[in-house]
Amino acid sequence: MKFEELKGSLQKNILPAYLLSGGDEYLLSSATNLIIKYSGIEYPELNIIKFVEGIIDCEDVVRALDTMPVFSGKKAVILDVRMAKKSEIKNVKALNQYLNNPNPMAVLIVSCGANSDDIGVDKKLVEVIDCSKVDVKIVEAKIVSIMTKQNKKISPQAIKLLIEYTLCDLAKIIVECDKLIAYSGQRGEITDKDIKEIVTRSIEYQVFELTESLAKKDSVKVYTILADMKAKKDEYKMLPALIYSHFRRLFHIALNQGASNLEISKMLGVKEYAVKMSQGQAKLFSKSALKKINELCSNTDYDLKQSNISLDNAIELIVLSILNMG
């Protein structure tokens, strides 16, 4: 079930167990809140039990599910495994046995997020909610809704730019909308100029800008972007790996021209919107050039890990090699 379908489903019927998957933190949080809201849970401090960190024994989870709610029709047990390793979740078999005969007065919410470790919950026994990125049209409508509530208008170009800067991440977009509303003061409209001045570009978008500039041999812009990124030391350390990842995506897009954005995103384990943004950029390079760049990035990544080259020299090598590529 897609996140967009959850509210309608909950209005009709509350199921005994839900598994939330996908990388959008805002949607994961919203799904949890919707399930709790429509379950009619009262006295949440007594009737919402969370299992979050460290080693989690599912026999303890089952015991929590089997106890009766306190002064409420239902209780909720949240098993948050977004950051957990499979080895940290014990006795999952006990949880699957419970799900074959669940307590009708309890709701289990398993939040997996984008965790690639399958902890072993039987997906046939739970309702799986897809909390990955929502359709762009829904995100656009959400932005307009946020602005309208604050008596603000936002231009279509500003919406497009906001979505691009955040790679359509709804959690980031909501934070940036709050910043834009405060920044605009008494003005009634948010413009693309406001976006450029106040919105924090995601590091992935900055890599996208860098790659675009490399393709167009715009060395001035390349080094302007690098200087801006270098000021953010933690992000700068990630740059060679992010450049490699981005060019690997472009190479896969070039090799799989008949595949859909969704198919490529699943193949690479990246956001579908990131693939959509990269489609045009992939056409700026020949397949042979992308192959050479990927080999360069791979070799540089190896040298970095072996301490054969410094971070600055690695980035300089990649950038100059692409700028000078015929």
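The values are calculated or read from the model by the stated rules, or taken from the named source; none is laboratory data. No experiment lies behind these values; they were computed from the predicted model shown. Cβ placement follows ideal geometry from the backbone for every residue including glycine, while neighbour counts extend to all protein chains displayed. The accessibility values were calculated without ligands, DNA or RNA, using every heavy atom of the protein model including side chains. Shrake-Rupley method; radii C 1.70, N 1.55, O 1.52, S 1.80 Å.
Which one of these does residue 57 not meet: (1) free of Cβ contacts under 8 Å to residues at least 40 places away in the same chain; (2) in contact with a Ser or Thr (Cβ under 9 Å, 6 or more places away or on another chain); (3) open to solvent by 40 Å² or more (accessible area, probe 1.4 Å)?
(2)
Looking at 243, 253, which one is closer than 13 Å to residue 290 by Cβ, open to solvent by less than 40 Å² (accessible area, probe 1.4 Å) and more than 19 Å from the chain's Cα centre (by Cα)?
Numbers: 243 fails: more than 19 Å from the chain's Cα centre (by Cα).
Going through 243, 253 in turn, just one is closer than 13 Å to residue 290 by Cβ, open to solvent by less than 40 Å² (accessible area, probe 1.4 Å) and more than 19 Å from the chain's Cα centre (by Cα): 253.
Do you know which residues across region 224-240 are open to solvent by 60 Å² or more (accessible area, probe 1.4 Å), in contact (Cβ under 8 Å) with a residue 40 or more places away in the chain and not charged (D, E, K, R)?
Passing the criteria: none in range.
Is there a residue being crowded, with 18+ Cβ neighbours inside 10 Å and out of contact with any helix residue (DSSP H, G or I) (no Cβ under 8 Å at 6 or more places or on another chain) anywhere in region 83-90?
yes
Here is a yes/no grid of residues against (1) under 20 Å from residue 117 (Cβ atoms); (2) assigned to a helix (DSSP H, G or I); (3) hydrophobic (A, V, I, L, M, F, W, C):
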site: 19; (1), (2), (3): yes, no, yes
site: 29; (1), (2), (3): no, yes, no
site: 34; (1), (2), (3): no, yes, yes
site: 40; (1), (2), (3): no, no, no
site: 45; (1), (2), (3): no, yes, no
site: 50; (1), (2), (3): yes, no, no
site: 53; (1), (2), (3): yes, no, no
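Hey, could you check region 60-82 for residues that are open to solvent by 40 Å² or more (accessible area, probe 1.4 Å) and of a type in the set (A, V, I, L, M) and say which is nearest to residue 19 (Cα to Cα)?
68
Tell me yes or no: at least one residue of region 233-245 is farther than 14 Å from residue 319 by Cα and among the hydrophobic types (A, V, I, L, M, F, W, C).
Yes, region 233-245 contains a residue that is farther than 14 Å from residue 319 by Cα and among the hydrophobic types (A, V, I, L, M, F, W, C).
Of all the residues that make up region 179-192, how many are surrounded by fewer than 16 Cβ atoms within 10 Å (Cβ to Cβ), touching a helix residue (DSSP H, G or I) at 6+ places or on another chain (Cβ under 8 Å) and not aromatic (Phe, Trp, Tyr)?
1
Test residue 212 against the criterion of being in contact (Cβ under 8 Å) with a residue 24 or more places away in the chain, open to solvent by 60 Å² or more (accessible area, probe 1.4 Å) and either within 23 Å of residue 163 (Cα to Cα) or assigned to a loop (DSSP other than H, G, I, E, B) (or both), and give yes or no.
Working: in contact (Cβ under 8 Å) with a residue 24 or more places away in the chain: yes; open to solvent by 60 Å² or more (accessible area, probe 1.4 Å): no; either within 23 Å of residue 163 (Cα to Cα) or assigned to a loop (DSSP other than H, G, I, E, B) (or both): yes.
In short, no.
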